[in-house]
Amino acid sequence: CLSSHSKVNVGTNLITLDQSSDGVYTNCVFSVTDSAGNESEKISLNFFRIDSTSPFLSEVSKIESMTTKRNPTYSFSSSESGELDFVGKCDSETKRVNQGINSVTLKTLVEGTYNDCRIKVTDDASNVSYLDINNFEVDYPPTLTLTTGISSSTKDSRPSLIILTDQA
């Protein structure tokens, strides 16, 4: 941990460290020397991490382009853990991702086309990455309810039943 800061004033001073590369820094020690040559007690920064790299995201498994699932699952890989958010019409209860493969189940979707869904991952250093979810369409199968059945014993050679469906 180095700083080219060579002069301090009485009171509060902002010390900026020299350009440092990504990594973990431990046991950085600082002191000041007054005009008479007296060195202060040393202060130590125990630990800090520089991370200027956004998470790398890649698709592991797509959502089927035509799905009947109300809550489809999407899988992707992230090079870092972080906060998960969504852009577009998709969302999930999952709000955190781990380094490695992550599977997220989307909140219940209405029927229609989804072509604007993106995953947003923000790592612990506030670096952001986006990953587009493939375009897909949700089309639920019709639900069928038997409202009136056929008697277990009938003389009718063409018995009838009554059903209720939500789609035609």
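The values are calculated or read from the model by the stated rules, or taken from the named source; none is laboratory data. On a predicted model such as this, the values are computed, not experimentally measured, just so you know. Using ideal geometry, Cβ is built from the backbone for each residue, glycine included, and neighbour counts are taken over all protein chains shown. Each accessible area value is taken on the protein alone, full model and side chains, heavy atoms only, with ligands, DNA and RNA left out. Shrake-Rupley method; radii C 1.70, N 1.55, O 1.52, S 1.80 Å.
Structural remarks
- Of all the numbered requirements in (1) open to solvent by 70 Å² or more (accessible area, probe 1.4 Å); (2) farther than 30 Å from LYS89 by Cα, GLY149 misses one, and that requirement is (1).
- Here VAL29 passes the criteria (1) closer than 21 Å to VAL128 by Cβ; (2) in a strand (DSSP E or B) except the one numbered (1).
- Candidates ARG96, ARG49, ARG70, filtered to the one that is of a type in the set (D, E, K, R) and under 30 Å from ASN9 (Cα atoms): ARG49
- Scanning the range 83-109 for residues that are in contact with a strand residue (DSSP E or B) (Cβ under 8 Å, 6 or more places away or on another chain), among the polar types (S, T, N, Q) and farther than 30 Å from PHE48 by Cα yields SER92, SER103, THR105.
Here's the yes/no breakdown for (1) at pLDDT 80 or above; (2) closer than 30 Å to THR122 by Cα:
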position: CYS1; (1), (2): no, yes
position: VAL32; (1), (2): yes, no
position: ASN38; (1), (2): yes, no
position: ARG49; (1), (2): yes, yes
position: SER54; (1), (2): yes, yes
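- Candidate set: the range 110-140, residues that are open to solvent by less than 70 Å² (accessible area, probe 1.4 Å), assigned to a loop (DSSP other than H, G, I, E, B) and without any contact (Cβ under 8 Å) to a residue 40 or more places away in the chain; chosen: the one farthest from ILE50 (Cα to Cα): ASP116
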